[in-house]
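Chemist: My structure is below; once you've seen it, I'll send some questions.
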Amino acid sequence: EVSFSEAMELSYFGAKVVHPKCVQPCAQSSPPIPIYIRNTFQPSDPGTKIFSSSTTHKTREGSVAAFSTVDSVAILNLEGSGMVGAKGVSRRLFSALEENNINVILIAQASSEQSISLCVNMHQAETARKILSEVFDRELNLGLLSDITTLQPCTILAAVGDGMSSTTGVIGKFFGALGNAKVNVLAVSQGCSERNISAVITS
């Protein structure tokens, strides 16, 4: 069992069976309409039920519903003392990318505001780097920003589950497992809902 929210997260992060636009009307219906995913080659298998609640609510042992990945992404990094306390940096950055139809898949920013990392599709990485170099040309020339760097190929690995909220130790287990496997984490992103923990790793 997975919830509507978990299914929406998983569909964005690569699960192709259910599209978010299919889930939304079922979730917003009163009462909600459950979605069942079945295997035509194994008709006796109970399959997966998508509803308003999931098994991750019932046991903290199973707080993570599933893992999913987004492959073939590149990470861009903007770093420099000129961003600390400067107004409008994020607006300029994302406006420029939006105007050029470049979709940002993931964002990570340090609380010091000294660096912003973002992920885009690999085929758009060089275009995005050139655009941002033009937008922040003045800051780059004055040494307020370091060169805008890209790293590819990368993969976004996401742990998804409603039960992760307020569950102690989930993040520790997630990154502990990656560390034990000697997988280096380049960037991390997590929303306040705690439903999704995303880590960017090299492919």
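The values are calculated or read from the model by the stated rules, or taken from the named source; none is laboratory data. Keep in mind the model is a prediction, meaning the values are calculated, not measured. Please note: Cβ atoms are built from the backbone with ideal geometry, for glycine as well, and neighbour counts cover all protein chains shown. Side chains included, ligands, DNA and RNA excluded: accessible areas come from the protein's heavy atoms. Shrake-Rupley method; radii C 1.70, N 1.55, O 1.52, S 1.80 Å.
Chemist: When you go through 187, 96, 181 one by one, which is the residue that is out of contact with any His (no Cβ under 9 Å at 6 or more places or on another chain), more than 30 Å from residue 52 (Cβ to Cβ) and without any contact (Cβ under 8 Å) to a residue 24 or more places away in the chain?
Modeler: Of the residues listed, the single one that is out of contact with any His (no Cβ under 9 Å at 6 or more places or on another chain), more than 30 Å from residue 52 (Cβ to Cβ) and without any contact (Cβ under 8 Å) to a residue 24 or more places away in the chain is 181.
Chemist: With the structure loaded, tell me whether residue 33 is at pLDDT 90 or above and open to solvent by 50 Å² or more (accessible area, probe 1.4 Å) or whether it fails that test.
Modeler: On the way: at pLDDT 90 or above: yes; open to solvent by 50 Å² or more (accessible area, probe 1.4 Å): yes.
So residue 33 fits the description; yes.
Chemist: Turning to a different aspect of this structure: Would the range 73-85 turn up any residue that is modelled with pLDDT of 95 or more and open to solvent by 70 Å² or more (accessible area, probe 1.4 Å)?
Modeler: No: zero hits.
Chemist: Also: What pairs come up if the first residue lies in the range 41-58 and is over 14 Å from residue 18 (Cβ atoms) and modelled with pLDDT of 90 or more, the second is hydrophobic (A, V, I, L, M, F, W, C) and surrounded by 17 or more Cβ atoms within 10 Å (Cβ to Cβ), and their beta carbons are under 8 Å apart, counting only those six or more places apart or on different chains?
Modeler: none
Chemist: Look at the range 59-72 and say how many of its residues are at pLDDT 70 or above and either surrounded by fewer than 17 Cβ atoms within 10 Å (Cβ to Cβ) or out of contact with any Gly (no Cβ under 7 Å at 6 or more places or on another chain) (or both).
Modeler: Total meeting the criteria: 5.
Chemist: Still on this structure: Tell me, which helices (runs of 4 or more DSSP H) wholly within the range 121-203 include 1 or more residues that are out of contact with any strand residue (DSSP E or B) (no Cβ under 9 Å at 6 or more places or on another chain), open to solvent by 60 Å² or more (accessible area, probe 1.4 Å) and within 23 Å of residue 95 (Cβ to Cβ)? Break it down stepwise before answering.
Modeler: Details: elements: 125-135, 137-141, 170-180.
Here the list reads 125-135, 137-141.
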